[in-house]
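Beneath this line is the structure, given in structure tokens, with notes to follow.
The values are calculated or read from the model by the stated rules, or taken from the named source; none is laboratory data. This structure is a prediction, so every number in the text was calculated from the model and none was measured. Backbone-built Cβ (ideal geometry, glycine too); neighbour counts: all protein chains shown.
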Amino acid sequence: MKIKSGNTQLNRVTFNIMSQRIQNRLKLLLAIFVVLSIGFAKPKISLYLIKFDNIQNDQVTEWLRDGFPDLVREELIKNGGIQIKNHADLERVMNNRTLLRGDRSRQRDLLLLGKYDRQLDEMKIRVQLVDIATWEELDKRSITGSHQDISSLSNRLVETVYTMLMPLLPIKKDPTLSAPQYRTYGMPDLAKELTKSIDHGIDLLEESMDLVTGAKGIPTDTDPDITGEWVLDLNVDNQEQENPENEINTKMLLQVLDNLTTSPYKVTLSKPRFEYDTENDEQMNVVLSVTYSLKENIIKDMLTSLPYSGLRQDGSFTVFMFDKDNFNFPAHLTERFKTGNHRVIPVVRFFNNEGKIVVVIVDTPEVHWYSKTSKNVLFVPTHHFSPLIDFTIGGWSLQIAMETVKIHVDYTFTMKVNEIQQLGKVSLKFIPENQLEDVLNPLL
């Protein structure tokens, strides 16, 4: 009986030791599972995009309240770690705060606030990133650029928002690991290892940590079935290959864009008014009244001739949207709008009775023209005109914004009375901005 009792005690001790070892292994395996789960998880950011604030209620730039968020949405939606939300989603969260995720390490709800204002040709955009759960300001930035180069300004805005978001996105440990590899470390397979030694479990843990963090590295030329990595060489030329089915629509679009960029305006010149200079009897002020507007048939032609993907109208504003589902955007077209080669500048020239140019007025926001002088003509740089049509092109869409209003401008300069009597005619011509130097320098 004593021997049996002793054996029983020994068995109990052995059982307790084995039980403790199994518990330790289970804890280790659970740790492995947690580590791997964290490594392969793909936490997301929910980014709420709402209309930007037009600080000065500038009607010329009102369309950008939707335009700027739309461009940001178009680019960020390609990022799998960012989930885009709209104004309706924000209202839903505001009315029910319990919808906000509790686990902030896996999900964050952020709000992007934007506002902009324009001073002559200069436009300033301010953006602010806010954590909705705590209303903490995470980041804020400002961008300044030319109102006449919305494409460049929009690209910088998207880059800025990306810069603000990137530090907040959880690091993806190894996005190329395949599903079979994940299952290799899943609980069903790991349960079979319970009878193996703790040392082997530690080896598995170290190996998995190396794999997740990339410490050992993954050769790019090995078998994908082994590494779980598939590689595709990206050929930009092939990626940007035009869709032959869109050829007809693209041809019509290019014709319309040529008309919109070369001759979109209707101009009315009134006879100059002559006003005596109260400080000098030998001089008079010449006032030339000009009215700018878009040609009446432009919007009608756009509505009837092209299959637009979106249309937004707000009072005198109309915004057309075209995407790559129906159109090809050739590289020269994208380059033209991004570099601003489509922009035109009004140039007014007064001729004397002999046909010689005696007065040149250039209506431009470019500052360097205001420091120029001339001995050949009376040179008058000024800035009153604002474009009534604007183009914004991105990777997959083109936006054309138009404003059906009239711009009334009075161009004024002073001349001697005897010189005014020799004035014969006046002309106004739109000169491409990139050709302005070539046109004006010979005259000056």
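Observations, loosely collected:
- Single unsatisfied condition, Ser386 versus (1) outside any strand (DSSP E or B); (2) surrounded by fewer than 16 Cβ atoms within 10 Å (Cβ to Cβ); (3) among the polar types (S, T, N, Q): (2)
- Exactly one residue out of Gly80, Gly67 is at pLDDT below 80 and in the same structural domain as Tyr116 (by TED's automatic domain parsing), and it is Gly80.
- Any chance Lys429 is on the phi < 0 side of the Ramachandran plot and assigned to a loop (DSSP other than H, G, I, E, B): no
- Here Asp277 does not fit the description of being among the acidic types (Asp, Glu) and under 27 Å from the mean Cα position of the chain (by Cα).
- Some residue of region 15-36 being assigned to a loop (DSSP other than H, G, I, E, B), over 30 Å from Gly310 (Cβ atoms) and at pLDDT below 55: no
- Any chance Arg92 is in a helix (DSSP H, G or I) and modelled with pLDDT of 80 or more: yes
- Scanning region 294-306 for residues that are surrounded by 12 or more Cβ atoms within 10 Å (Cβ to Cβ) and farther than 17 Å from Ile393 by Cβ, we see that the one that is modelled with the highest pLDDT is Leu294.
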